[in-house]
1. By how many nm would the segment from Glu655 to Thr158 lengthen if fully extended, with 0.36 nm per residue of separation less the alpha-carbon distance?
2. Listed here are the pairs Lys217/Lys393; Lys31/Lys107; Lys624/Lys670; which of them are more than 21 Å apart at the Cα?
3. Order the peptides 258-266, 353-361, 664-672 from the highest to the lowest mean number of other Cβ atoms within 10 Å of their residues.
4. Treating the beta-carbon of each Lys and Arg as +1 and of each Asp and Glu as -1, no other charges, what is the dipole magnitude of the stretch 613-766 about its Cα centre, to the nearest 20 debye?
5. Among Leu640, Leu375, Leu365, rank each residue by its count of other Cβ atoms within 10 Å, from fewest to most, as a rough exposure measure.
6. I'm a student and want to see the number: the projected area of the Cα convex hull of the stretch 613-766, averaged over all directions, in nm².
7. Please list the three semi-axes, largest first and in whole Å, of the ellipsoid equivalent to the stretch 19-156, using sqrt of 5 times the eigenvalues of its alpha carbon gyration tensor.
8. Would you mind calculating the relative contact order of the stretch 44-140 from Cα pairs under 8 angstrom and at least 6 residues apart, reporting the percent as a whole number?
Amino acid sequence: MYLRIGILYFLIIAVTGIYPQNRNKAIDSLKALLEAKSGIEKVDLMYELGTYYLEPLALERIKVGNEIIRLSEKLKYKEGLIKGHIHTGRGYYYTYKPDSSLLFLQKADDLLMRSNNQRLKAVTLGYIGDSQERKLNFLLANEYHHKSLEISESIKDTLSWGETANNIALNHWRLGEYPEAEKYFRIYLDLSRKLRHLPGIADALNNLGVLKWNWGKYYDALVMYMEALKTRQQIRDTSNSVVTMNNISLIYQKLGDSLKAYEYLTRSLKLAEKTQHKFSLAYTHENLGNYYLLKGNYDKAYDHFTEALNSYTDINFRAGITDINNALGNLYFSQEDYNKALPYFRTAYERSSLAKDKKAMIASLNNLGKVFIHLKMYDDAENSLTKANLLAKEAGIIDYLKDTYKYLAELYELKGMTERAYPYLKAFTEVNDSLFSIETSTMINQIKEQYDTESKERENVLLRNKSVYQGSELEVKNYVLIFSGFVFVFFIVLAIVLSAFYRGKKRAKEEVERLNENLKEANIRLKESENELMALNKAKAKFFSIIAHDLKNPFHVMMGFSEILYEGYEDFSDTEKRDMIKGINETSENAQKLLSNLLEWARFQTGKLVIKKEKTDISALILKEAASFTQTAKLKNVILSHRLSPNSEIVVDREMISTVIRNLVANALKFTPENGSVEISARCDNEWCYISVRDTGIGMQEQTVKNLFSLGDVKSLPGTAGEKGTGLGLILSREFIEEHGGRLKVESTYGAGSTFIIMLPLERNQI
């Protein structure tokens, strides 16, 4: 009941392509070379050195990154500035400060806008994805990883390609999208094998083992883990060997071999204590806690869970903290102290929901369900278990799905609702049967393997003792025949048992099919509705993901600047402090504008934004809004002009149209480079009033124009000077114009500029 799959974020520790035992030698060699270098050559060598500073040497990486930035500014070496920001950002990632990490990595990405170094671009995007993962923004992280993957593939950087595929797979896995996860893990494995990159091979095998575990294919998982362990031991990757040995222990525990499980756990603990790697220690203590919990040794279980919690807290490993809350809840549940168990399960569910960790959510909901049953809080139990059942079906986690069926059947039986309990009991039986089949196959393989081994051993013994037992040849032969007959009979009996089992299973299946016959048509209609709802939810999720990203970004910047200022205030010059404070101020203004746009959109969507149409001189309105962009245009050296006709009075909501004009002008200035121009024009005929915003900017490709107003394709792109956008303005503008019965069109030529055209119907006589 308490055995958990574990291993959720526990698998991949970044690899460098060089074995751990050689890393220190590489660092020493590079340090020696640096003493004789200067200028750009020294900067590039320092960048190479920084790549060897992984998590245990995070502060060294930050130090190297800052020094690269300092030297590059002195040398006016742009690529060096990029490299320095990459290393500093990665260093903060290793110290579990994702906001500071994103601050430097986004700066590197901005600098790369004016660089053709595709390899550094791929690295930067991948690191941004990693930092977004650390903030639990998995969808956004995958967007960056996919961009990195495309670049790595195009430049044939096979190692980066593989490692990025692995990161994408991990995010799909955390989101419960297991088929997609397997696809990218396989890509990682194939590419690692092609390069003979042993750390990558080991990581891919270990992760595929986890997937096989999730699907109930325990024997396949064990094979994967064993191969991964062999590879990790070959390269002396101790910390990751600990993780894999833990995984092997969990499989043996699942198969009922507690001795083997305990053997691997004790080996894991010795290695983890030797290396003092916080995560490896935490993970091993967690699994030892679960082992002793199953054995009923609650004191030892509690001690190990406490050790695990302390280590997870030290490294701020949120998923691990969630798991320990579930584990402590199970500890008190097993002692029938349900009131003590409940708050731990609630905390685990709250944490996993915030992290969007489907796997942990299912485990927590199942745990809440079972404790609510014992507390006779049946409505709460039903709510928790129904949610768990839906999530487990989506994720395809057989073990957890089996538990939801079991608890739901138990719940409805206790409520006296036998007719509702029956389908869940049937479903539980079927899932349990499928797991039994897998375990039986594994057992048969093990029996056969054992028999083959024992037969060979007996043959060897007989041969060795032939001279002593010459007179007993016939007896020996008879013994072998009897033994062989015994094994044959065993397999015959086993086959009969399994045959009877599956015949019974078949009859049960036919009964279920008969009972469900009347539900088929309803299920089809339900499926159609579900598909429609999923499509709508997907679009909504995409839209709010964009909004969330744009809203979070300025806060990342502000938190990053403030964090750096707070920790190293005395180390910065007055100029550096003023620059950081200026950055905070500018970012705050951008955040305020975004919030204003967002609130306006929200009011419109909920019907709380009342349209107040009145006679408006559109030319005067344009002049007023254009004046607010004068300074922006001047700073960017862009000519902002207007061509307005008289007699341009029209009936509109002034605030709405002002918002549209501001968004279009801001957008035009954003994508127009220095020495370009932006022109606003307005004219009216007898039926329509036409407002256009034309720029000489970078323009858009045909496909971009085609999908510009499509919800699923909304993008927030940086401007020609690195300006940040909201990703919301054009959507908002189109909706405001359509609310007036008008249209918003765009004409664009890639590399030559764009023109946005507003068409508003004349309504002079309506007021």
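None of the figures in this text is laboratory data; all of them are computed from the coordinates on show. Because the structure is predicted, anything quoted here is derived from the model rather than measured. Note: ideal-geometry Cβ built from the backbone for every residue, glycine included; neighbour counts use all protein chains shown.
1. 173.6 nm
2. Lys31/Lys107
3. In decreasing order of mean packing, 258-266, 353-361, 664-672 become 664-672, 353-361, 258-266.
4. I would put it at about 340 debye.
5. If I rank by nearby Cβ atoms, fewest first, I get Leu375, Leu640, Leu365.
6. In nm², the orientation-averaged hull projection of the stretch 613-766 is 8.5.
7. Square roots of five times the eigenvalues give 24, 18, 14 Å.
8. Relative contact order, the stretch 44-140: 23 percent.
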